[in-house]
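The values are calculated or read from the model by the stated rules, or taken from the named source; none is laboratory data. Bear in mind the structure is a predicted one, so any value in this text is a computation, not a measurement. Counting neighbours? That spans all protein chains shown, and the Cβs are built from the backbone with ideal geometry, glycine included. The accessibility values were calculated without ligands, DNA or RNA, using every heavy atom of the protein model including side chains. Shrake-Rupley method; radii C 1.70, N 1.55, O 1.52, S 1.80 Å.
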Amino acid sequence: MHLRDLLIRIAKTYDPKAGTASGVSAQDLLRQVERMSDLPLPHGFVASGYGGKGSASSTPWIGVFGKAINMQAQEGLYLAYIFDATLASVTLTLQQGVTKLSDEYPKLSDRLRELKRRARHLRAGMEPELALHWAHTPAFRSKLERPRAYEAASVAARRYEIASMPAEEVLAEELHVASLLLRDAAAGHRVWLQQPMEKELIVYEGEGHLPADDPLDGFRPNDSSDYYVHIKGGRRRRERRHEELIKDFGLHAVTCGYQPITQGMYPRDLVLRRPSVDRQHSWLVEGKAVKRGNATQAVREAVGQLYEYSYYWHEKRSEPKPHLVALFTEDIGHYAEYLEARGIASIWRTRGEGWAGSPTAVSWDLAAAG
């Protein structure tokens, strides 16, 4: 069955009052979705139909999951065709899982607020032109808790009227585009969720960020396999400009074809990989906030940490030497040439919220010419 025919048939036959038992036409059709072989699913994706458990859902849906991204609807990111309660339309939406979030936010209003906040953040990491074409805000015409959560959880969406359903080729192409949006959002999601909340206190052991009053206090490298930084006083607040810099650049790197990684990378700020272009090498990124327009200290710290992390965390572990990238909150002027001469690309945030950089950074498609 073609996707277009499937969506129309569900809309015309689904009856929430008929229950979910075997023999209920639309429910049987939804259960058959995972075995359908002629749906235009992108490579590496699978689909499943959902009409409720026990009692029928007021808004039936078909989930489309990237096997390398996320295979469950309770958490994470996935795609879904969600019908509104009147069955007059169906929306293809990039969804956040809502079930597991209820443990952290048991109150519905808090949960909806958090889902909307996360959706805004993930949407900000999308390519502007795509974001414009996928800016529909779903309205599933139900006052029930689950449909309202689906509305709040939507990151990007396209709505289709059942009475004027597009051709199969259009649906297939837009599903392919949605799969690319999901891939990029999932990469940004991994980076963002590893950043601390605004008021969160972080234990610095193992993270390599040193107190300003004594840069070397407590620095104790153990051996080539263990490289830790121990901070006296235990708990210190991270600098928000630094965290925002890493978060925003990680999202930008996704749109440039890179995979940003922070999990398990401490004390390194960020590691980029680009499997489709270079499977052997990685990009080691160290971010620094330029304070009061004086780039000198930021550049010195970036150089030292990049060399140290490259040596201890890559070369001493018999890994290929990574490409080195120094990342800054603003233009570093003549220091860009200085860093280039030492094999370090430099990138900085521009006033227009873009990214400029040195010739090497431009050659890697990570920045515009500075």
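Could you order peptides 84-91, 167-174, 325-332 by the average number of other Cβ atoms within 10 Å of their residues, highest first? Let's see the in-between values first.
Working: 84-91: 19.1, 167-174: 14.2, 325-332: 22.9.
My ranking of the peptides, most packed first, is 325-332, 84-91, 167-174.
Which net charge results when you count Lys and Arg as +1 and Asp and Glu as -1 among the other residues whose beta-carbon is under 10 Å from that of Pro166? Intermediate results must be reported in sequence, preceding the final value.
Working: positive: Arg4, Arg158; negative: Glu161, Glu168, Glu169, Glu173, Glu174.
Residues near Pro166 contribute -3 overall.
What relative contact order, as a whole-number percentage, does region 80-124 give when Cα pairs under 8 Å and 6 or more residues apart are counted?
Values: 24 pairs, mean separation 10.5, N = 45.
Taking the mean separation of contacting Cα pairs over the length of region 80-124, I get 23 percent.
With θ taken as phi - 60° and the coefficients 6.51, -1.76 and 1.60, list the Karplus ³J(HN,Hα) couplings across region 146-163 in order, rounded to whole Hz; mark glycine and proline as x.
Each residue of region 146-163 in turn: 5, x, 5, 5, 4, 4, 5, 7, 6, 8, 8, 7, 10, 9, 10, 7, 4, 5 Hz.
Computed FRET efficiency, Cβ-Cβ of Lys143 and Ala18, R0 25 Å: what is it to the nearest 0.05? Could you put the intermediate results ahead of the total?
Working: r = 21 Å, r/R0 = 0.85.
The formula returns an efficiency of 0.75 here.
Of the lysine pairs in region 1-147, how many meet both conditions: Cα atoms under 19 Å apart, and a spacing of 8 or more in sequence or different chains?
Close lysine pairs found across region 1-147: 8.
Name the long-range amide H neighbours of Gly287: under 5 Å, sequence gap of 5 or more, or other chain; modelled H, no Pro or chain starts.
Placed amide hydrogens put Asp269, Leu327 under 5 Å from Gly287.
Using a probe radius of 1.4 Å on heavy atoms only, what accessible surface per residue do you get for region 12-108? Whole Å² is fine. Don't skip to the end; give the middle numbers.
On the way: 4440 Å² over 97 residues.
It amounts to 46 Å² per residue over region 12-108.
With a sphere of radius 12 Å drawn around the Cβ of Tyr81, what net charge do the other residues whose Cβ falls strictly inside it have (Lys, Arg +1; Asp, Glu -1)?
Working: positive: Arg4, Arg158, Arg159; negative: Asp84, Glu174.
Within the 12 Å Cβ shell, the charges total +1.
Along the positive direction of the dipole of region 1-130 (beta-carbon charges: Lys, Arg +1; Asp, Glu -1; about the Cα centre), which of Ala11, Gln96, Gly23 reaches farthest?
The Cα lying farthest towards the positive end belongs to Gln96.
For the pair Ser102/Ala167, report the inter-label distance in nm, with labels modelled 7 Å from Cα in the Cβ direction.
Reported label-point gap for Ser102 and Ala167 is 4.3 nm.
Using mean Cβ contacts within 10 Å as the protection proxy, how do 101-110, 280-289, 13-22 order, highest first? Each step should come with its number before you reach the end.
On the way: 101-110: 11.9, 280-289: 21.2, 13-22: 13.6.
Descending mean neighbour count gives 280-289, 13-22, 101-110.
Expressed in nm to one decimal, what extension gain is obtained for the pair Tyr338 and Ala131 from 0.36 nm per residue of sequence separation less their Cα-Cα distance? If you can, show how the numbers build up before the last one.
Working: separation 207, 0.36 × 207 = 74.52 nm, distance 3.77 nm.
Value of the extension gain: 70.7 nm.
Applying 1/(1 + (r/R0)^6) with R0 = 22 Å to the Cβ-Cβ distance of Gln263 and Tyr307, what FRET efficiency is obtained, to the nearest 0.05? Let's see the in-between values first.
Working: r = 23 Å, r/R0 = 1.06.
Computed FRET efficiency for Gln263 and Tyr307: 0.40.
Length gain on complete extension for the stretch Glu315 to Asp365, per 0.36 nm per residue less the alpha carbon to alpha carbon distance? Walk me through the numbers before you get to the answer.
Values: separation 50, 0.36 × 50 = 18.00 nm, distance 2.50 nm.
Gain on extension, Glu315 to Asp365, equals 15.5 nm.
When only C-alpha pairs under 8 Å and at least 6 residues apart count, what is the relative contact order of region 292-370, in percent?
Rounded, it is 20 percent for region 292-370.
Considering amide H positions built from the backbone, and no H for Pro or chain starts, which residues 5 or more places from Ser57, or on another chain, come under 5 Å of its amide H?
For Ser57, the qualifying residues are Gly52.
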